[in-house]
Amino acid sequence: MDDALILGIETSCDETAAAVVRSGEQMLSSVVYSQISTHQVYGGVVPELASREHLRAIVPVVRKAVGDAGLSLPEVDAIAVTQGPGLAGALLVGITYAKALAFALEKPLIAVNHLEGHIHAVLLEEKQRGGEELPAPVLALVVSGGHTHLYTAERKQSTWQYRNIGRTRDDAAGEAFDKVAKLLGFGYPGGPILDELAKHGDPRAVRFGSSQIKGDHRGRAPEDQTDFDFSFSGLKTAVLRHVQTHGLQDSIEQRRKALMSVPHAKSEDCLAQADKQTLDLVASFQRAVVQDLVHKTLRAAEAMTARSLLITGGVAANSELRETFQQEATEAGLPVYFPSRALATDNAAMIAAAAFPKFVNGDFAVPEFSAEASLALG
Ligand code: KG4
Ligand code: ZN
(Lines give C-alpha, C1' and ligand atoms only; values in the text may rest on other atoms or scores of the structure.)
(Ligands and ions follow the chains in the order given, each with its own letter.)
Protein backbone atom coordinates (compact mmCIF):
# COMPACT_ATOMS: atom_id res chain seq x y z
CA MET A 1 0.00 0.00 0.00
CA ASP A 2 2.97 2.33 0.55
CA ASP A 3 4.05 2.16 -3.06
CA ALA A 4 1.52 3.23 -5.65
CA LEU A 5 1.47 4.45 -9.21
CA ILE A 6 -1.30 7.00 -9.43
CA LEU A 7 -2.64 8.42 -12.68
CA GLY A 8 -3.89 11.98 -12.10
CA ILE A 9 -6.37 13.78 -14.35
CA GLU A 10 -7.06 17.53 -14.18
CA THR A 11 -9.64 19.43 -16.26
CA SER A 12 -10.93 22.14 -13.92
CA CYS A 13 -10.28 25.15 -16.16
CA ASP A 14 -8.43 25.60 -19.45
CA GLU A 15 -5.69 23.00 -19.17
CA THR A 16 -6.25 19.34 -20.01
CA ALA A 17 -3.65 17.52 -17.92
CA ALA A 18 -2.63 14.00 -16.96
CA ALA A 19 0.37 12.71 -15.01
CA VAL A 20 1.71 9.62 -13.29
CA VAL A 21 3.24 10.03 -9.83
CA ARG A 22 4.75 7.28 -7.68
CA SER A 23 3.70 7.40 -4.02
CA GLY A 24 3.30 11.18 -3.94
CA GLU A 25 7.02 11.68 -4.33
CA GLN A 26 8.26 10.86 -7.80
CA MET A 27 6.80 12.39 -10.94
CA LEU A 28 7.10 9.86 -13.76
CA SER A 29 5.30 12.00 -16.33
CA SER A 30 3.30 15.20 -16.61
CA VAL A 31 1.43 16.28 -19.72
CA VAL A 32 -0.36 19.63 -19.92
CA TYR A 33 -2.33 20.60 -22.99
CA SER A 34 -3.04 24.32 -22.73
CA GLN A 35 -6.12 25.74 -24.43
CA ILE A 36 -4.79 29.30 -24.28
CA SER A 37 -4.82 29.77 -28.06
CA THR A 38 -8.54 28.82 -28.13
CA HIS A 39 -9.54 31.33 -25.45
CA GLN A 40 -7.01 34.11 -26.22
CA VAL A 41 -9.16 35.74 -28.90
CA TYR A 42 -12.03 36.11 -26.37
CA GLY A 43 -9.77 37.67 -23.70
CA GLY A 44 -10.66 34.99 -21.13
CA VAL A 45 -11.80 31.40 -20.68
CA VAL A 46 -15.09 30.54 -22.43
CA PRO A 47 -16.60 27.64 -20.42
CA GLU A 48 -18.37 25.91 -23.34
CA LEU A 49 -15.21 25.98 -25.43
CA ALA A 50 -13.19 24.65 -22.50
CA SER A 51 -15.44 21.57 -22.18
CA ARG A 52 -15.26 20.92 -25.92
CA GLU A 53 -11.47 21.21 -25.94
CA HIS A 54 -11.16 18.90 -22.92
CA LEU A 55 -13.27 16.31 -24.75
CA ARG A 56 -10.97 16.54 -27.72
CA ALA A 57 -7.75 16.35 -25.73
CA ILE A 58 -8.43 14.03 -22.81
CA VAL A 59 -7.75 10.67 -24.51
CA PRO A 60 -4.44 11.62 -26.20
CA VAL A 61 -3.25 13.51 -23.08
CA VAL A 62 -3.88 10.51 -20.78
CA ARG A 63 -2.36 8.12 -23.29
CA LYS A 64 0.78 10.28 -23.53
CA ALA A 65 1.11 10.59 -19.74
CA VAL A 66 0.93 6.81 -19.29
CA GLY A 67 3.32 6.23 -22.23
CA ASP A 68 5.82 8.86 -21.01
CA ALA A 69 5.88 7.07 -17.65
CA GLY A 70 6.87 3.89 -19.50
CA LEU A 71 3.68 2.15 -18.41
CA SER A 72 0.51 0.69 -19.81
CA LEU A 73 -2.85 1.56 -18.26
CA PRO A 74 -3.36 -1.74 -16.36
CA GLU A 75 -0.10 -1.10 -14.47
CA VAL A 76 -1.53 1.98 -12.79
CA ASP A 77 -2.72 1.37 -9.18
CA ALA A 78 -5.37 4.10 -8.94
CA ILE A 79 -6.95 6.95 -10.88
CA ALA A 80 -7.20 10.40 -9.27
CA VAL A 81 -9.30 13.22 -10.66
CA THR A 82 -10.09 16.82 -9.75
CA GLN A 83 -13.61 17.08 -8.28
CA GLY A 84 -13.62 20.89 -7.92
CA PRO A 85 -13.53 23.82 -7.59
CA GLY A 86 -13.63 24.82 -11.24
CA LEU A 87 -15.90 25.03 -14.27
CA ALA A 88 -18.64 22.40 -13.89
CA GLY A 89 -18.67 21.29 -17.53
CA ALA A 90 -14.89 21.16 -17.72
CA LEU A 91 -14.63 19.15 -14.48
CA LEU A 92 -17.26 16.70 -15.73
CA VAL A 93 -15.16 15.71 -18.73
CA GLY A 94 -12.27 14.63 -16.50
CA ILE A 95 -14.52 12.98 -13.92
CA THR A 96 -16.53 11.01 -16.47
CA TYR A 97 -13.42 9.77 -18.19
CA ALA A 98 -11.72 8.90 -14.89
CA LYS A 99 -14.80 6.97 -13.75
CA ALA A 100 -14.90 5.02 -17.00
CA LEU A 101 -11.19 4.18 -16.76
CA ALA A 102 -11.44 3.13 -13.11
CA PHE A 103 -14.46 0.94 -13.90
CA ALA A 104 -12.90 -0.69 -16.95
CA LEU A 105 -9.53 -1.28 -15.25
CA GLU A 106 -11.10 -2.23 -11.88
CA LYS A 107 -8.92 0.31 -10.08
CA PRO A 108 -9.86 2.61 -7.20
CA LEU A 109 -10.93 6.14 -8.02
CA ILE A 110 -9.84 9.10 -5.86
CA ALA A 111 -11.52 12.54 -5.87
CA VAL A 112 -9.14 15.44 -5.25
CA ASN A 113 -9.77 19.09 -4.35
CA HIS A 114 -7.92 21.29 -6.87
CA LEU A 115 -6.69 23.63 -4.09
CA GLU A 116 -5.25 20.71 -2.13
CA GLY A 117 -3.59 19.73 -5.40
CA HIS A 118 -1.81 23.10 -5.62
CA ILE A 119 -0.45 22.58 -2.08
CA HIS A 120 0.79 19.09 -2.98
CA ALA A 121 2.63 20.38 -6.05
CA VAL A 122 5.12 21.88 -3.59
CA LEU A 123 5.20 18.86 -1.27
CA LEU A 124 5.81 16.56 -4.27
CA GLU A 125 8.76 18.59 -5.51
CA GLU A 126 10.27 18.83 -2.05
CA LYS A 127 10.10 15.04 -1.65
CA GLN A 128 11.47 14.55 -5.13
CA ARG A 129 14.41 16.77 -4.19
CA GLY A 130 14.99 14.57 -1.14
CA GLY A 131 14.12 17.45 1.20
CA GLU A 132 12.92 17.11 4.77
CA GLU A 133 9.26 17.52 5.73
CA LEU A 134 8.24 21.18 5.81
CA PRO A 135 8.48 22.53 9.39
CA ALA A 136 4.95 22.46 10.88
CA PRO A 137 2.62 24.22 11.17
CA VAL A 138 2.75 25.24 7.52
CA LEU A 139 0.99 28.37 6.29
CA ALA A 140 -0.07 27.91 2.66
CA LEU A 141 -1.03 30.72 0.28
CA VAL A 142 -2.89 29.39 -2.76
CA VAL A 143 -2.88 32.24 -5.24
CA SER A 144 -4.26 31.64 -8.72
CA GLY A 145 -6.74 32.85 -11.32
CA GLY A 146 -9.66 31.62 -9.24
CA HIS A 147 -8.38 31.77 -5.64
CA THR A 148 -6.43 33.75 -3.11
CA HIS A 149 -6.69 31.62 0.02
CA LEU A 150 -4.61 31.24 3.16
CA TYR A 151 -4.62 27.86 4.91
CA THR A 152 -2.87 26.37 7.85
CA ALA A 153 -1.84 22.87 6.81
CA GLU A 154 -0.93 20.10 9.21
CA ARG A 155 -0.12 16.49 8.69
CA LYS A 156 -1.84 14.07 11.07
CA GLN A 157 -0.23 10.68 10.40
CA SER A 158 -0.93 10.05 6.74
CA THR A 159 -3.71 12.62 6.27
CA TRP A 160 -3.43 16.36 5.79
CA GLN A 161 -5.77 18.78 7.53
CA TYR A 162 -6.39 22.33 6.41
CA ARG A 163 -7.97 25.36 7.99
CA ASN A 164 -8.92 28.32 5.86
CA ILE A 165 -7.92 31.52 7.65
CA GLY A 166 -8.17 34.08 4.83
CA ARG A 167 -9.65 34.48 1.38
CA THR A 168 -10.34 37.10 -1.24
CA ARG A 169 -13.60 38.95 -0.86
CA ASP A 170 -13.84 39.71 -4.56
CA ASP A 171 -11.28 39.11 -7.32
CA ALA A 172 -8.51 36.56 -7.02
CA ALA A 173 -4.99 37.96 -7.47
CA GLY A 174 -4.53 36.16 -10.83
CA GLU A 175 -7.91 37.46 -11.95
CA ALA A 176 -6.74 41.01 -11.13
CA PHE A 177 -3.62 40.45 -13.27
CA ASP A 178 -5.81 39.14 -16.10
CA LYS A 179 -8.33 42.01 -15.86
CA VAL A 180 -5.68 44.74 -15.67
CA ALA A 181 -3.84 43.24 -18.67
CA LYS A 182 -7.11 43.24 -20.62
CA LEU A 183 -7.90 46.78 -19.52
CA LEU A 184 -4.49 47.95 -20.77
CA GLY A 185 -4.95 46.25 -24.13
CA PHE A 186 -2.64 43.27 -23.55
CA GLY A 187 -3.63 39.65 -24.13
CA TYR A 188 -4.77 36.72 -22.04
CA PRO A 189 -3.63 35.36 -19.61
CA GLY A 190 -2.36 38.63 -18.16
CA GLY A 191 -0.16 37.36 -15.34
CA PRO A 192 2.84 36.14 -17.34
CA ILE A 193 2.67 39.21 -19.63
CA LEU A 194 2.52 41.77 -16.81
CA ASP A 195 5.29 39.88 -14.97
CA GLU A 196 7.61 40.49 -17.95
CA LEU A 197 6.46 44.08 -18.60
CA ALA A 198 6.83 45.08 -14.93
CA LYS A 199 10.59 44.46 -15.17
CA HIS A 200 10.79 47.47 -17.52
CA GLY A 201 8.78 49.94 -15.42
CA ASP A 202 9.23 51.98 -12.25
CA PRO A 203 7.18 50.42 -9.42
CA ARG A 204 7.24 53.71 -7.46
CA ALA A 205 5.75 55.75 -10.31
CA VAL A 206 2.09 55.33 -9.34
CA ARG A 207 1.09 55.25 -5.69
CA PHE A 208 -1.84 53.01 -4.82
CA GLY A 209 -3.04 53.78 -1.31
CA SER A 210 -3.96 51.08 1.22
CA SER A 211 -7.61 52.16 0.86
CA GLN A 212 -7.49 50.60 -2.61
CA ILE A 213 -6.58 47.27 -1.07
CA LYS A 214 -9.63 47.08 1.14
CA GLY A 215 -8.87 43.78 2.79
CA ASP A 216 -6.26 45.41 4.99
CA HIS A 217 -8.00 45.51 8.35
CA ARG A 218 -5.27 46.79 10.56
CA GLY A 219 -6.11 47.16 14.20
CA ARG A 220 -8.21 44.01 14.52
CA ALA A 221 -7.23 41.18 16.82
CA PRO A 222 -4.90 38.79 14.96
CA GLU A 223 -7.24 35.86 15.73
CA ASP A 224 -10.06 37.59 13.89
CA GLN A 225 -10.83 35.39 10.82
CA THR A 226 -11.49 38.35 8.53
CA ASP A 227 -8.16 39.92 9.42
CA PHE A 228 -6.42 37.93 6.69
CA ASP A 229 -8.91 38.49 3.89
CA PHE A 230 -7.79 39.96 0.59
CA SER A 231 -9.47 42.28 -1.90
CA PHE A 232 -8.17 43.26 -5.31
CA SER A 233 -11.13 44.83 -7.06
CA GLY A 234 -10.37 48.32 -5.62
CA LEU A 235 -6.90 48.16 -7.10
CA LYS A 236 -8.28 47.21 -10.50
CA THR A 237 -10.66 50.20 -10.31
CA ALA A 238 -7.74 52.45 -9.33
CA VAL A 239 -5.86 51.32 -12.46
CA LEU A 240 -8.94 52.12 -14.56
CA ARG A 241 -9.21 55.56 -12.94
CA HIS A 242 -5.53 56.21 -13.65
CA VAL A 243 -6.08 55.29 -17.31
CA GLN A 244 -9.01 57.70 -17.53
CA THR A 245 -7.40 60.62 -15.70
CA HIS A 246 -4.16 60.31 -17.67
CA GLY A 247 -5.86 60.01 -21.06
CA LEU A 248 -4.39 56.61 -21.91
CA GLN A 249 -7.49 55.22 -23.68
CA ASP A 250 -6.45 56.04 -27.24
CA SER A 251 -3.03 54.45 -26.95
CA ILE A 252 -4.66 51.38 -25.35
CA GLU A 253 -7.05 51.02 -28.28
CA GLN A 254 -4.16 51.29 -30.75
CA ARG A 255 -2.22 48.66 -28.82
CA ARG A 256 -5.22 46.33 -28.68
CA LYS A 257 -5.62 46.54 -32.45
CA ALA A 258 -1.89 46.12 -33.09
CA LEU A 259 -1.67 43.03 -30.85
CA MET A 260 -4.81 41.51 -32.36
CA SER A 261 -3.03 41.42 -35.69
CA VAL A 262 -0.14 39.40 -34.18
CA PRO A 263 -1.07 35.71 -34.01
CA HIS A 264 -0.23 34.28 -30.53
CA ALA A 265 1.27 37.56 -29.27
CA LYS A 266 4.13 37.00 -26.82
CA SER A 267 5.47 39.27 -24.09
CA GLU A 268 8.10 40.69 -26.52
CA ASP A 269 5.26 41.80 -28.81
CA CYS A 270 3.49 43.36 -25.81
CA LEU A 271 6.69 45.13 -24.74
CA ALA A 272 7.11 46.57 -28.24
CA GLN A 273 3.62 48.09 -27.86
CA ALA A 274 4.09 49.51 -24.36
CA ASP A 275 5.09 53.12 -23.62
CA LYS A 276 6.91 54.21 -20.45
CA GLN A 277 3.74 55.43 -18.73
CA THR A 278 2.08 52.04 -19.21
CA LEU A 279 5.17 50.13 -18.07
CA ASP A 280 5.31 52.27 -14.92
CA LEU A 281 1.62 51.65 -14.27
CA VAL A 282 2.08 47.87 -14.70
CA ALA A 283 5.12 47.81 -12.40
CA SER A 284 3.28 49.84 -9.76
CA PHE A 285 0.20 47.60 -9.98
CA GLN A 286 2.29 44.45 -9.61
CA ARG A 287 4.20 45.95 -6.68
CA ALA A 288 0.91 46.73 -4.90
CA VAL A 289 -0.43 43.18 -5.37
CA VAL A 290 2.85 41.58 -4.30
CA GLN A 291 3.23 43.78 -1.22
CA ASP A 292 -0.30 43.01 -0.10
CA LEU A 293 0.11 39.24 -0.60
CA VAL A 294 3.47 39.14 1.16
CA HIS A 295 2.58 41.38 4.10
CA LYS A 296 -0.74 39.76 4.86
CA THR A 297 0.76 36.28 4.61
CA LEU A 298 3.62 37.21 6.95
CA ARG A 299 1.20 38.78 9.39
CA ALA A 300 -0.93 35.60 9.34
CA ALA A 301 2.20 33.47 9.78
CA GLU A 302 3.08 35.40 12.90
CA ALA A 303 -0.44 35.13 14.31
CA MET A 304 -0.59 31.40 13.59
CA THR A 305 2.99 30.80 14.77
CA ALA A 306 3.66 29.11 11.44
CA ARG A 307 7.12 27.60 11.00
CA SER A 308 7.17 27.53 7.21
CA LEU A 309 5.46 29.17 4.25
CA LEU A 310 4.21 27.41 1.14
CA ILE A 311 3.27 29.64 -1.80
CA THR A 312 1.49 27.97 -4.71
CA GLY A 313 -0.94 28.43 -7.66
CA GLY A 314 -0.46 30.22 -10.98
CA VAL A 315 0.53 33.57 -9.46
CA ALA A 316 3.32 31.80 -7.54
CA ALA A 317 5.11 31.82 -10.91
CA ASN A 318 5.44 35.62 -10.59
CA SER A 319 9.10 36.71 -10.36
CA GLU A 320 8.58 39.67 -8.06
CA LEU A 321 6.33 37.66 -5.73
CA ARG A 322 8.97 34.95 -5.43
CA GLU A 323 11.80 37.41 -4.82
CA THR A 324 9.87 39.47 -2.27
CA PHE A 325 8.68 36.42 -0.33
CA GLN A 326 12.16 34.97 -0.37
CA GLN A 327 13.64 38.16 1.01
CA GLU A 328 10.99 39.06 3.58
CA ALA A 329 10.34 35.51 4.83
CA THR A 330 14.08 35.00 5.30
CA GLU A 331 14.22 38.23 7.31
CA ALA A 332 11.35 36.90 9.43
CA GLY A 333 13.26 33.62 9.92
CA LEU A 334 10.75 31.53 7.99
CA PRO A 335 11.67 29.04 5.26
CA VAL A 336 9.53 29.57 2.15
CA TYR A 337 8.71 26.91 -0.45
CA PHE A 338 7.49 27.42 -4.03
CA PRO A 339 6.62 25.03 -6.85
CA SER A 340 8.72 25.12 -10.01
CA ARG A 341 7.08 27.34 -12.62
CA ALA A 342 5.83 24.23 -14.47
CA LEU A 343 3.97 22.97 -11.40
CA ALA A 344 2.78 26.43 -10.25
CA THR A 345 0.08 26.61 -12.91
CA ASP A 346 -2.53 23.88 -13.37
CA ASN A 347 -1.19 20.37 -13.91
CA ALA A 348 -2.15 16.80 -13.01
CA ALA A 349 1.00 15.77 -11.13
CA MET A 350 -0.30 17.79 -8.18
CA ILE A 351 -3.60 15.89 -8.33
CA ALA A 352 -1.86 12.49 -8.40
CA ALA A 353 0.40 13.60 -5.50
CA ALA A 354 -2.50 14.85 -3.36
CA ALA A 355 -4.29 11.54 -3.97
CA PHE A 356 -1.54 9.41 -2.43
CA PRO A 357 -2.44 9.95 1.27
CA LYS A 358 -6.06 9.17 0.34
CA PHE A 359 -4.92 5.99 -1.42
CA VAL A 360 -3.02 4.89 1.69
CA ASN A 361 -6.12 5.56 3.83
CA GLY A 362 -8.51 3.80 1.42
CA ASP A 363 -10.36 7.11 0.98
CA PHE A 364 -11.92 6.28 -2.38
CA ALA A 365 -14.67 8.08 -4.29
CA VAL A 366 -18.13 6.55 -4.48
CA PRO A 367 -19.16 5.78 -8.08
CA GLU A 368 -21.92 8.43 -8.04
CA PHE A 369 -19.65 11.35 -7.02
CA SER A 370 -19.83 14.36 -9.29
CA ALA A 371 -18.25 17.73 -10.08
CA GLU A 372 -18.48 20.44 -7.42
CA ALA A 373 -17.83 23.82 -8.99
CA SER A 374 -17.49 25.57 -5.60
CA LEU A 375 -15.84 22.82 -3.59
CA ALA A 376 -14.19 24.32 -0.50
CA LEU A 377 -11.04 23.23 1.32
CA GLY A 378 -10.78 23.39 5.10
O1 KG4 B 1 -3.34 27.96 -11.01
P2 KG4 B 1 -3.72 28.44 -12.37
O3 KG4 B 1 -3.03 27.83 -13.56
O4 KG4 B 1 -5.26 28.27 -12.61
C5 KG4 B 1 -6.21 28.47 -11.62
O6 KG4 B 1 -6.43 27.55 -10.78
O7 KG4 B 1 -6.76 29.61 -11.62
O8 KG4 B 1 -3.52 30.04 -12.36
C9 KG4 B 1 -3.74 30.81 -13.49
C10 KG4 B 1 -3.56 32.26 -13.09
C11 KG4 B 1 -3.94 33.26 -14.19
O12 KG4 B 1 -4.74 34.28 -13.62
C13 KG4 B 1 -2.60 33.81 -14.63
O14 KG4 B 1 -2.67 35.14 -15.12
C15 KG4 B 1 -1.79 33.73 -13.35
O16 KG4 B 1 -2.19 32.53 -12.75
N17 KG4 B 1 -0.35 33.71 -13.60
C18 KG4 B 1 0.50 34.70 -13.20
C19 KG4 B 1 1.78 34.35 -13.69
N20 KG4 B 1 1.67 33.15 -14.36
C21 KG4 B 1 0.36 32.79 -14.28
N22 KG4 B 1 0.27 35.82 -12.49
C23 KG4 B 1 1.33 36.63 -12.25
N24 KG4 B 1 2.59 36.37 -12.70
C25 KG4 B 1 2.85 35.25 -13.41
N26 KG4 B 1 4.08 34.99 -13.84
ZN1 ZN C 1 -5.30 26.11 -10.28
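The set of residues in segment 174-196 that are more than 10 Å from ligand 1 (Cβ to nearest atom) and either on the phi > 0 side of the Ramachandran plot or part of a loop (DSSP other than H, G, I, E, B) (or both) comprises Leu184, Gly185, Phe186, Gly187. Within segment 360-375, is even one residue in a helix (DSSP H, G or I), more than 16 Å from ligand 2 (Cβ to nearest atom), surrounded by fewer than 22 Cβ atoms within 10 Å (Cβ to Cβ) and of a type in the set (A, V, I, L, M, F, W, C)? Yes; the residues of segment 360-375 include at least one that is in a helix (DSSP H, G or I), more than 16 Å from ligand 2 (Cβ to nearest atom), surrounded by fewer than 22 Cβ atoms within 10 Å (Cβ to Cβ) and of a type in the set (A, V, I, L, M, F, W, C).
The residue that is surrounded by the most Cβ atoms within 10 Å (Cβ to Cβ), among those in segment 255-292 that are among the β-branched types (Val, Ile, Thr) and assigned to a helix (DSSP H, G or I), is Val282.
Name the single residue, out of those in segment 289-307 being more than 14 Å from ligand 1 (Cβ to nearest atom) and among the β-branched types (Val, Ile, Thr), that is farthest from Glu15 (Cα to Cα). Of everything passing the filter in segment 289-307, Thr305 is farthest from Glu15 (Cα to Cα). Of everything listed in (1) over 19 Å from Pro137 (Cα atoms); (2) outside any helix (DSSP H, G or I); (3) within 16 Å of ligand 1 (Cβ to nearest atom), the single unmet condition for Leu310 is (1).
Counting only strands (runs of 3 or more DSSP E) wholly contained in segment 84-173, the ones carrying 1 or more residues that are closer than 23 Å to Ala19 by Cβ and charged (D, E, K, R) occupy 148-156.
Restricting Val180, Val138 to residues that are in contact with a strand residue (DSSP E or B) (Cβ under 8 Å, 6 or more places away or on another chain) and either under 20 Å from Gly378 (Cα atoms) or crowded, with 17+ Cβ neighbours inside 10 Å (or both) narrows the list to Val138. Restricting segment 1-36 to residues that are polar (S, T, N, Q) and within 16 Å of Asp346 (Cα to Cα) leaves a set whose member that is nearest to ligand 1 (Cβ to nearest atom) is Ser12.
Considering only residues in segment 329-348 that are out of contact with any Leu (no Cβ under 6 Å at 6 or more places or on another chain) and not in a loop (DSSP other than H, G, I, E, B), the one that is farthest from Gly191 (Cα to Cα) turns out to be Glu331. Being in a helix (DSSP H, G or I), within 14 Å of ligand 2 (Cβ to nearest atom), touching a residue at least 60 places away in the same chain (Cβ under 8 Å) and surrounded by 24 or more Cβ atoms within 10 Å (Cβ to Cβ) is the requirement here; does Ile351 meet it? Yes; evaluated as a whole, the condition is true for this residue. With respect to Leu150, is the statement that it is more than 15 Å from ligand 2 (Cβ to nearest atom), within 23 Å of Glu320 (Cα to Cα), buried (at least 18 other Cβ atoms within 10 Å of the Cβ) and of a type in the set (A, V, I, L, M) true? The answer is yes for Leu150.
Quick one: in segment 1-35, of everything that is polar (S, T, N, Q) and in a strand (DSSP E or B), which residue is modelled with the lowest pLDDT? So, considering only residues that are polar (S, T, N, Q) and in a strand (DSSP E or B), the one modelled with the lowest pLDDT is Ser34.
Restricting to segment 193-230, what's the tally of residues that are closer than 17 Å to His149 by Cβ, modelled with pLDDT of 95 or more and of a type outside the set (Phe, Trp, Tyr)? Qualifying residue count, segment 193-230: 1.
When Gln326 is tested against the conditions (1) touching a residue at least 40 places away in the same chain (Cβ under 8 Å); (2) within 16 Å of ligand 1 (Cβ to nearest atom); (3) in contact with a strand residue (DSSP E or B) (Cβ under 8 Å, 6 or more places away or on another chain); (4) assigned to a helix (DSSP H, G or I), the lone failure is (1). When we screen Val138, Val76, Val143, Val122 for residues that are farther than 21 Å from Ala371 by Cβ, in contact with a Pro (Cβ under 7 Å, 6 or more places away or on another chain) and either of a type in the set (Phe, Trp, Tyr) or touching a residue at least 60 places away in the same chain (Cβ under 8 Å) (or both), the only hit is Val122.
Of the residues making up segment 146-160, those that are away from ligand 1 (no atom under 16 Å from the Cβ) and either of a type in the set (Gly, Ala, Ser) or free of Cβ contacts under 8 Å to residues at least 40 places away in the same chain (or both) are Ala153, Glu154, Arg155, Lys156, Gln157, Ser158.
Among the residues making up segment 117-135, a single one is within 16 Å of ligand 1 (Cβ to nearest atom) and acidic (Asp, Glu): Glu125.
Total residues in segment 293-307 satisfying the condition of being of a type in the set (Ser, Thr, Tyr) and outside any loop (DSSP other than H, G, I, E, B): the figure is 1.
The values are calculated or read from the model by the stated rules, or taken from the named source; none is laboratory data. Everything numeric in this text was worked out from a predicted model, so none of it was measured. All Cβ positions, glycine included, derive from the backbone under ideal geometry; neighbour counts span all protein chains shown.
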